[in-house]
Amino acid sequence: MDHPLWASCGFDENTIADRLHLIELDQEGMEASGRILHDHIIVPNLDAIVDRFYGSLLRIDGFNRIVDGSSAAARLRESQKHYLLGLGIDFHKREYFEERLRIGSVHQRIGVPQSLYQCTFQGLQSLLIDYVPDAIRNDGPAFAEVLRFILKITALDMSLAVESYCSSRVSDLTKSLESERDETVRLRKLAVTDWLTNLRNHSYSKRSLGAALEQIRIDKSPLSIIMADLDHFKEINDAHGHLVGDEVLQIAAGRMLSGARADDEICRYGGEEFLFILHDTSIIEGEEVAERVRKRINTDAMNSRDIQLNVTISLGIAQARDGDTVDTLIERADQALYTAKRAGRNCVRREE
């Protein structure tokens, strides 16, 4: 169920009463004037008022562009009749406020300029005054009372319609901004995400590691990295094809995430090679992470397209030193990885 507009626009019993008091519609006799407007002016002249009202609107180019086609115009005419038949009746109730607020919201949604909408109220006021019957017009006090009510009730309706018009416009703009912000976040994530494994990509890994090195120069905390490489991965591609190889990389990425800690950053560095950035982590602690990841990779066979593959991983660890750059730290971790490869693979080695 839609949230009522009177509530979303901040109206309750007190604010409704305040609005009626502001426009002086809470004075004695106003409800009776509303009944006179309905019974003696609107109902006997409903079709004529609507005909003249839309006749003036159709002479406006902007309105013709909005109302494209006779069926749309016919629907608007019926809506205007419904609006007029309710004008000034039970105006102190929430339902009256809700309907008038909804009119402004609808006009905003279909693209009626606010300036055009506000100007139409002046035309409607004039039409209603034109159709005041002679019996009332010739009675000075009665005419003044009806005239005063017409001006006040149309002022109330215009204030409510403009209020919801602006509220709807702000809501649309807010949604548009939120949508653009969500799209920006999505695009930013895509820019730093590896399309296959959903890990961070190579460019992100270099920027993140650079930022981490800058940070440890300030807070003097330890920083370690792991370079990891799936063993004999080329043989998997050669024997079973790249689709199987891609699935192996995806499965391996999931197992790496499960073996690492929540704050560890795992990036696909290239091909079957991965870079782990371990913040606030010594090389000894990093070795524990690497060993846990190694076990997660080869604990169970990987199933891909009805093929069971026993995959292992080799890992090399290095800890940042004073004066390290991204390249020098990665080079030492690479050397530790090569040491693991030369030691028979499926093992962890740290820098010497």
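Taken together, the values in this text are just the output of simple stated rules run on the coordinates, not laboratory data. If you're wondering where the values come from, they're calculated on a predicted model, not measured in any experiment. Cβ placement follows ideal geometry from the backbone for every residue including glycine, while neighbour counts extend to all protein chains displayed.
A compact table of results
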quantity	calculated
Two-decimal Rg/Rh across segment 202-350, once Rg and the Kirkwood Rh are taken from alpha-carbon atoms	0.99
Test item: Cα-centred dipole of segment 202-350, Lys/Arg +1 and Asp/Glu -1 on Cβ, debye	240 debye
5 angstrom amide H check on residue 223, placed H, neighbours 5+ away	281, 320
Cα centroid separation, segment 335-352 to segment 178-232 (Å)	24 Å
Helix runs (DSSP H) in the chain reaching 18 Å along axis by Cα, Kyte-Doolittle at least 0.5	242-259
Helical contribution to [θ] at 222 nm, DSSP H n ≥ 4, -39,500 (n - 2.57), averaged over the chain, rounded to 500	-20500 deg cm²/dmol
Fraction of antiparallel bridges per DSSP, the chain only, in percent to nearest 5	85 percent
Charge-dipole axis of the chain as Lys and Arg at +1 and Asp and Glu at -1 on Cβ define it, positive-most pick from 325, 104, 27	325
Normalised contact order of the chain, rounded percent, pairs of Cα under 8 Å and 6 or more residues apart	14 percent
Cβ-based exposure ranking for 307, 297, 317, in which fewest neighbours within 10 Å come first	307, 297, 317
Cα centre as origin, Lys/Arg/Asp/Glu Cβ charges: segment 153-268 dipole, Debye	380 debye
About the Cα centre, charge dipole magnitude for the chain (Lys/Arg +1, Asp/Glu -1 at Cβ), debye	720 debye
Local electrostatic count at residue 208 - Lys and Arg +1, Asp and Glu -1, tallied over other residues with Cβ under 10 Å	+2
Answer label for Kirkwood radius over Cα pairs in Å (calculated), chosen among [x] 21.3; [y] 19.8; [z] 26.7	[z]
